[in-house]
Amino acid sequence: MSVLRSRPVLRWLVPVTAAVAVIGGGAAVGTFAAEAEPSLPPRTAAQLLVDLQTSRLEGLSGTVVQRADLGLPPLVGLVPGNDLTTLLTGTHTLRVWYSGPERQRVALLDTLGERDVIRNGRDLWTWESRGNTARHHTLGDAATAGKPAIGAGPSLPATPQQAADLALGAIDPSTEVSVGRSATVAGRAAYELVLQPRDRDSLVHQLRIAIDAKQHVPLRFEVLAKGSDQPAFEVAFTQVDYRRPDADQFAFNPPPGVTVTEETAERPAAGRPDHAPPAGDPQVRAEGSGWTTVLVARLDDAAGKSIGATPEASSAAKPAGAPEVDVSKLLGGLPEVSGDWGSGRLFTSRLVSVLLTDDGRVLAGAVTPERLYQVARG
């Protein structure tokens, strides 16, 4: 069916760069409070996919809670800063507003502050309360119409819709699709669509998407790792309102004393609109497809020399302005591995495996170490 290979039309923005910027959390992870199963008419998996594909969303606002328990080793915490590492653990709260493809807002909440990303037509604002700083970017016309305001690399999804888009993009003959048990999410009756990889090299057991029975909007997204019946990652609405938000929600009024940085749009590479390679791209490529895709990157000279080097050598190789990272301490706790592909160190969690080879490559994916070794072998 073509619907299995096409992407849902709901394009409301929750920028992936904002998702990485979440601060806070630390609460114990558990599933969201269970409610009685609603009685809903039967629907097949194909019908639910069509519902997602054909839904029309004019407006939405709500509260989203994201929780993660990936079983990460002590590696987390050795890296300075808490943006990505805290996103991978604990509980985080976001407020979202949507009013068409050109007006969206997400507020990332923390006990110590707030970060906002606001798109209002061609104006894109980001604001951080801790430093009272803001960035303003003017978007292009035809090049950005109807598209997400921010393009970025892979990241954890920030909302059920973004997560569902990623899941639906992976549906192919390697995936078993079924209908799970009905549920109540944010006070709304919902169907559950279940995606299960057929490939044994995947670390993912199931993806579960709760879909609003009336509005056909994803309300909850869960990822279960193999060997566990509790979500390793989940993001869900705890409150949702389908009325179109007031226009004032998308007007950014800089607070007193705010420092505003104006940014200019980058021109895409000639002949390749919207595909300009980011500066400093470590030449990341994807090997394989679907659930067992592996990302492969080669570290630059400075980073490559830091692997296995002394703290003094690592510091000397560090580019000016780069964060302080004790690479020897970072890698020292990882087990050494070797094979006919070479040698290196292995990082594993419930859903992710990362292989750092001694010849300067980094291989990562939601796959078993054996799959990484296969790719490293070439």
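The values are calculated or read from the model by the stated rules, or taken from the named source; none is laboratory data. Everything numeric here is computed off the predicted structure, so don't read it as measured data. Backbone-built Cβ (ideal geometry, glycine too); neighbour counts: all protein chains shown. Accessible surface areas use protein heavy atoms only, side chains included; no ligands, DNA or RNA. Shrake-Rupley method; radii C 1.70, N 1.55, O 1.52, S 1.80 Å.
Miscellaneous remarks
- Scanning region 217-245 for residues that are touching a Leu at 6+ places or on another chain (Cβ under 9 Å) and open to solvent by 50 Å² or more (accessible area, probe 1.4 Å) yields 226, 230, 243, 244.
- Cβ-Cβ under 6 Å pairs, at least 6 apart or on other chains, region 44-59 side more than 15 Å from residue 209 (Cβ to Cβ), far side among the aliphatic types (A, V, I, L, M) and part of a loop (DSSP other than H, G, I, E, B): 57/10
Condition check ((1) within 17 Å of the chain's Cα centre (by Cα); (2) assigned to a strand (DSSP E or B); (3) at pLDDT below 85) across all residues:
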site: 31; (1), (2), (3): no, no, yes
site: 34; (1), (2), (3): no, no, yes
site: 38; (1), (2), (3): no, no, no
site: 47; (1), (2), (3): no, no, no
site: 58; (1), (2), (3): no, no, no
site: 61; (1), (2), (3): no, yes, no
site: 79; (1), (2), (3): no, no, yes
site: 90; (1), (2), (3): yes, yes, yes
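- Scanning region 171-189 for residues that are surrounded by 14 or more Cβ atoms within 10 Å (Cβ to Cβ), in contact (Cβ under 8 Å) with a residue 60 or more places away in the chain and assigned to a strand (DSSP E or B) yields 175, 177, 179, 183, 184, 185, 189.
- Condition broken by residue 310, with the remaining ones in (1) surrounded by 15 or more Cβ atoms within 10 Å (Cβ to Cβ); (2) modelled with pLDDT under 85 satisfied: (1)
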